[in-house]
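Worksheet: the structure to be examined is printed underneath.
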Amino acid sequence: MEDFTPEQIIGITNSYTNMARALNKFQVMHWPELTLEQQLDLNAYQNSLLNRGQDIYTRTIRPAFKSASEMSAIIRHATDEATLSLQRMNDPVVALNIGAITVALASYVSRSNMRGIQTALRELGDLLKMEAE
């Protein structure tokens, strides 16, 4: 099992930070149409992603994988795709689902839970395909 390299950690942390920023921008742009509960959910997703990024960056958690470089690339790609989709999206429900799944992915990564990671990646991919149509 391999730990993430410092470069991989920075890449993952940046992806989580960019996703939190995209959720914040979505929240600001759609503020009037969001319910209080949706606003609170978006805030929680942002905080969770920033906390997971900080945990990995400070090595509070040390996830290990068979191929850390491959897993790092997969995580960054999925998170970056989710970030890009939020920038062109107008549907709050889909945005909330993308945020929730991305948070779940970050949680599974922190615990090296491969089954959870695969499920989150599949669900995120399905949601992004649906959003693109």
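The values are calculated or read from the model by the stated rules, or taken from the named source; none is laboratory data. Owing to the predicted nature of the structure, the values given are computational and were not obtained by experimental measurement. Every residue, glycine among them, receives a Cβ derived from its backbone with ideal geometry; neighbour counts consider all protein chains shown.
For residue 119, indicate whether it is at pLDDT 95 or above, of a type in the set (Ser, Thr, Tyr) and more than 27 Å from residue 32 (Cβ to Cβ). The answer is yes for residue 119. Out of 44, 20, 78, one residue alone is at pLDDT 95 or above, outside any strand (DSSP E or B) and surrounded by fewer than 17 Cβ atoms within 10 Å (Cβ to Cβ). It is 44. No other residue among 130, 89 is outside any helix (DSSP H, G or I) and either closer than 30 Å to residue 28 by Cβ or touching a helix residue (DSSP H, G or I) at 6+ places or on another chain (Cβ under 7 Å) (or both) apart from 89. Looking across the range 116-133, the residues that are surrounded by 15 or more Cβ atoms within 10 Å (Cβ to Cβ), under 14 Å from residue 85 (Cβ atoms) and free of Cβ contacts under 8 Å to residues at least 40 places away in the same chain come down to 123, 127.
Within the range 38-87, the set of residues being of a type in the set (Phe, Trp, Tyr) and over 16 Å from residue 7 (Cβ atoms) comprises 45 only.
Whether a residue is surrounded by fewer than 17 Cβ atoms within 10 Å (Cβ to Cβ) and in a loop (DSSP other than H, G, I, E, B) was assessed, and residue 59 passes this test.
Consider the range 31-41 and keep the residues that are touching a residue at least 24 places away in the same chain (Cβ under 8 Å) and more than 20 Å from the chain's Cα centre (by Cα). The one that is nearest to residue 75 (Cα to Cα) is 34. Within the range 1-30, residues that are over 17 Å from residue 54 (Cα atoms) sit with their Cβ atoms under 9 Å from residues that are of a type in the set (D, E, K, R), at 6+ positions apart or across chains, in these pairs: 1/66; 2/66.
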